[in-house]
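Any read-out appearing in this document is the output of simple, stated calculations on the displayed coordinates, not a laboratory observation. Quick caveat: nothing in here was measured; it's all calculated off a predicted structure. Neighbour counts run over all protein chains shown; Cβ positions are idealised from the backbone, glycine included.
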Amino acid sequence: MIVVAHVSDTHIDGGPRATERAERVMRHIDGLRVDAVIVTGDIADHGAPDEYEIAREILTTRHPTIICPGNHDARGPFRKVLLDGDGSDPVNQVLRVGPVSLLLADSSIPGRAEGRLDESTLAWLDQTLADTPGKAFVGMHHQASSLHSPYVDGIGLRNPGDLADVLGRHSNVVAVFSGHAHTAAATTFAGLPLLVGPGVVSTGLTPYESDDRIPVAMEQPPGFALHIYDGEHLVTHYRVVPHQTST
Ligand SMILES: [Fe+2]
């Protein structure tokens, strides 16, 4: 059994609210029996080095962790602080967890809210999946399918067809993970489950819940997804992490 905790959109901005919510979720996950943690982007709110310094502390648990950038991140500071690296190339990484591989691709376009997997990232994904002997999960920040939520659909992945082409060449992909929409959502993409991790910093709402142009609920508690895979079936449980109340 492989169990993956999926966190997204911490938007660390140096202020106490985002820090507390991210700490609350990560402290909770630290106490769980999971095999790995994935964080699908928008780690920092402004892509600033001091935001990543805070994020590095908070996102460190006893579990192996893999992190990709989102549209609020900046590759340079992201690499320098979180990965001890340099450069502005897409941040594409793989984490092997027992027989399973977790591939996180960089769908960010520097300076833009919408996403795209560039040629180098698509080639990396294609080659890494080919080199993966067992089952694989593919994650990225931007969602590749419509979520029936006009605001986030307008800033989603711009080249889902290119991703579908790559995924279609490999039979070992179990599911696709994303963030960006700040909502615990489940849909499909390219015949696979597409599971969206809830936003730690806030919750994105649908037009059926809010009339706002950018419909966001700030008062809902932060959450995460728990993906459980037995080699055949994937089951996802979504959890919120409310404040501890003393009894
Ligand atoms: Fe976000």
Would you check if there is a residue in region 26-40 being in contact with a strand residue (DSSP E or B) (Cβ under 7 Å, 6 or more places away or on another chain), within 16 Å of the ligand (Cβ to nearest atom) and not in a strand (DSSP E or B)? no
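Condition check ((1) farther than 20 Å from Phe177 by Cβ; (2) surrounded by 18 or more Cβ atoms within 10 Å (Cβ to Cβ)) across all residues:
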| position | (1), (2) |
| --- | --- |
| Val4 | no, yes |
| Val37 | no, yes |
| Asp42 | no, yes |
| Ala48 | yes, no |
| His63 | no, yes |
| Lys80 | yes, no |
| Leu83 | no, no |
Please go through region 48-70 and pick out each residue that is out of contact with any Gly (no Cβ under 7 Å at 6 or more places or on another chain), more than 30 Å from Gly98 (Cβ to Cβ) and within 16 Å of the ligand (Cβ to nearest atom). Ala48
Residue ID - farthest from Ala74 (Cα to Cα), chosen from residues in region 1-25 that are of a type in the set (Gly, Ala, Ser) and part of a loop (DSSP other than H, G, I, E, B): Gly15
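For residues in region 117-163 being loosely packed, with under 15 Cβ neighbours inside 10 Å and of a type in the set (Gly, Ala, Ser), which is nearest to Asp89 (Cα to Cα)? Working first, answer last.
Narrowing region 117-163 to residues loosely packed, with under 15 Cβ neighbours inside 10 Å: 119-120, 123, 127, 130-131, 133-134, 146, 148, 150, 153-154, 161.
Then keep just the ones that are of a type in the set (Gly, Ala, Ser); that gives 120, 123, 130, 134, 146, 154, 161.
Values: Ser120: 9, Ala123: 13, Ala130: 22, Gly134: 27, Ser146: 27, Gly154: 25, Gly161: 22 Å.
Selected residue: Ser120.
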Go through (1) away from the ligand (no atom under 14 Å from the Cβ); (2) free of Cβ contacts under 8 Å to residues at least 40 places away in the same chain and name the single condition Val216 misses. (1)
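Do the conditions hold for Ser88, that is, is it away from the ligand (no atom under 16 Å from the Cβ), assigned to a loop (DSSP other than H, G, I, E, B) and of a type in the set (S, T, N, Q)? Working first, answer last.
Numbers: away from the ligand (no atom under 16 Å from the Cβ): yes; assigned to a loop (DSSP other than H, G, I, E, B): yes; of a type in the set (S, T, N, Q): yes.
So Ser88 fits the description; yes.
How about region 220-234: which of its residues are within 16 Å of the ligand (Cβ to nearest atom), part of a loop (DSSP other than H, G, I, E, B) and of a type outside the set (S, T, N, Q)?
Of everything in region 220-234, just one residue is within 16 Å of the ligand (Cβ to nearest atom), part of a loop (DSSP other than H, G, I, E, B) and of a type outside the set (S, T, N, Q), namely Pro222.
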What's the number of the condition Ala48 fails, among (1) more than 18 Å from Ala113 (Cβ to Cβ); (2) out of contact with any strand residue (DSSP E or B) (no Cβ under 8 Å at 6 or more places or on another chain); (3) among the aliphatic types (A, V, I, L, M)? (1)
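Being assigned to a strand (DSSP E or B) and surrounded by fewer than 13 Cβ atoms within 10 Å (Cβ to Cβ) narrows it down to one residue among His237, His243; which is it? Before you say what the answer is, go through the steps one by one.
Details: His243 fails: assigned to a strand (DSSP E or B).
Only one candidate qualifies: His237.
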Here the residues within region 168-194 that are over 12 Å from the mean Cα position of the chain (by Cα) and either within 16 Å of the ligand (Cβ to nearest atom) or crowded, with 22+ Cβ neighbours inside 10 Å (or both) are Val173, Ala185
